Structure formats: structure tokens, C-alpha cells
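Have a look at the structure below, then the notes.
Each value in this text was obtained by applying a stated rule to the coordinates, not by laboratory testing. Computed from a prediction, not measured in an experiment: that's the story for all the values here. Heads up, the Cβs are rebuilt from the backbone with ideal geometry, glycines too, and the neighbour counts pull from every protein chain shown.
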Amino acid sequence: MSLVDYRDAVMVAIKAAMPNLREVEAHAGRFTLDDLKQFATRAPGIRVAILALENPENTSSGEIDWMVRAAAFVVTKNEPGLKREAGALNIVGALAVLIAGNRFAQAGAHPAKPPRAQTMMSTALGKTGATIWAVEWTQKLRLGEDAYLIDGLVPTDLYIGFAPKIGADHVDDYLHVGPGL
């Protein structure tokens with residue numbers, strides 16, 4: 001799995017859960033006032049960003065578990081019959097439910113931690129006619145290549161050998177414990 005695969009999987013999940021959004025796209029980082037002005041024309045929508053990789057942990061397989069900090073930026077504007085703040089809160093609530101515990105169909109993803117959400121509104125942003133919220137979460141992702149994969153296969157049998165009768169010359173001395181663990 002790559003970070004791009006992960007980010008794209010998050011966007012697919014959001015699009016499936018909220019098909020009426022005008023846009024769900026990738027974003028390079030945090031929002032600026034210029035970003036909001038440009039994106040507000042396609043509201044309601046969500047921009048998904050990977051904000052940080054933190055706390056790497058080596059694994060026995062040679063892969064690395066990273067805590068990924070991700071965000072979904074929700075942008076709304078006034079719609080007929082729905083004020084921008086109410087629209088944003090509806091989307092933020094749906095996102096919180098979608099994200100918490102989700103693995104986004106990625107084999108190397110642990111369940112996402114419950115997100116935190118906060119408004120990013122200010123006087124300057126309010127003048128754009130749009131509302132923006134940031135929904136941020138962390139999720140442990142396993143990145144890299146598994147050293148135990150051989151031609152795409154995962155070993156399923158376990159054998160135990162006792163020194164000094166180990167190695168290629170002592171294959172018949174190994175004890176077969178059984179398939180899988």
C-alpha cells in the first residue's frame with residue numbers, strides 16, 4: 001500500500017457514503033484563503049489530505065508502521081433551504097461516523113481513530129460566503145515490503161529445529177508444527 005492508495009481509498013469511501021457532494025478530491029495540505037475561494041464554487045465538497053507521518057515503528061517483516069495524520073476539509077455554501085453552517089455540520093457528522101474504525105479497504109491499515117473536527121472559520125473566510133471545517137484523524141498504516149512474502153505468497157507452515165541439528169543438512173530433523181498460526 002502507498003499513501004496515494006490510502007488517500008484514494010478514503011476518497012472512494014466518502015464518495016460512496018455521500019454521493020450528492022459536488023466534489024471529493026485530493027488536496028496537498030492545509031487550506032488557505034485562496035484555496036477556499038477557488039474550492040467554494042464547487043461546494044458542497046470535501047478535500048482529503050495527508051498531513052503527516054509520525055511515530056514510525058519497525059516490524060519483524062521489515063515493513064514500518066506509521067501513524068498517519070489525515071484530514072478531510074469540508075466546504076459548504078448556502079444552498080436553497082439549507083444554510084452553509086447546517087450543511088457543514090451534516091457532512092462533518094456523517095464523516096465522523098464514516099471514519100471512526102474504518103480501514104478503507106486497505107490491508108495494511110489499522111482501524112482509524114475517532115476523528116476530531118473543528119471549524120476553520122474566521123472573519124476573512126466568512127466573507128467568501130463559504131464555511132470550512134477540518135475533520136482530522138490518525139490511523140496506523142503499514143508501509144513497505146513484507147520480507148516474508150516470497151513470490152507473493154505468505155508462508156503457512158511452521159517447522160521447528162533444535163541446534164545443533166539445523167540448516168539444509170538437517171531438513172528431516174525439523175518438527176512440523178502444522179499449517180498456519
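Observations
- Every Cα-Cα pair of segment 1-83 was included, and the share exceeding 19 Å stands at 47 percent.
- Compactness of the chain is given as radius of gyration and Dmax, 23.0, 80 Å, from Cα positions.
- If both residues of a DSSP beta bridge must be in the chain, then about 90% of such bridges are antiparallel.
- Rounded to the nearest 20 debye, the dipole size of segment 7-78 about its Cα centre is 540 debye, using +1 on the Cβ of Lys and Arg and -1 on the Cβ of Asp and Glu.
- Per-pair calculated FRET efficiency, R0 = 35 Å: ASP5 and MET120 via Cβ, rounded to 0.05: 0.80
- Estimated FRET transfer efficiency (HIS110, ASN90; beta-carbon r; R0 30 Å; 0.05): 0.60
- When +1 charges are put on Lys and Arg Cβ atoms and -1 charges on Asp and Glu Cβ atoms, the dipole computed for the chain relative to its Cα centre reaches about 1500 debye.
- Each part reduced to its alpha carbon centroid, segment 128-150 and segment 26-98 end up 11 Å apart.
- Principal-axis tilt of helix 84-99 within the chain, Cα atoms, nearest 10 degrees: 10 degrees
- Annotation: lysines with alpha-carbon distance below 16 angstrom to LYS127 (same-chain offsets under eight excluded): LYS37, LYS77, LYS83.
- On the basis of the beta-carbon distance and an R0 of 41 Å, THR156 and LEU33 show a calculated FRET efficiency of 0.15.
- Highest average packing first - 45-53, 106-114, Cβ atoms within 10 Å: 45-53, 106-114
- Helix 3-17 vs. the chain, principal-axis angle (Cα, 0 to 90°, nearest 10): 50 degrees
- For LYS140, a cut-off of 20 angstrom between C-alpha atoms picks up these lysines, skipping any fewer than 8 places away in its own chain: LYS113.
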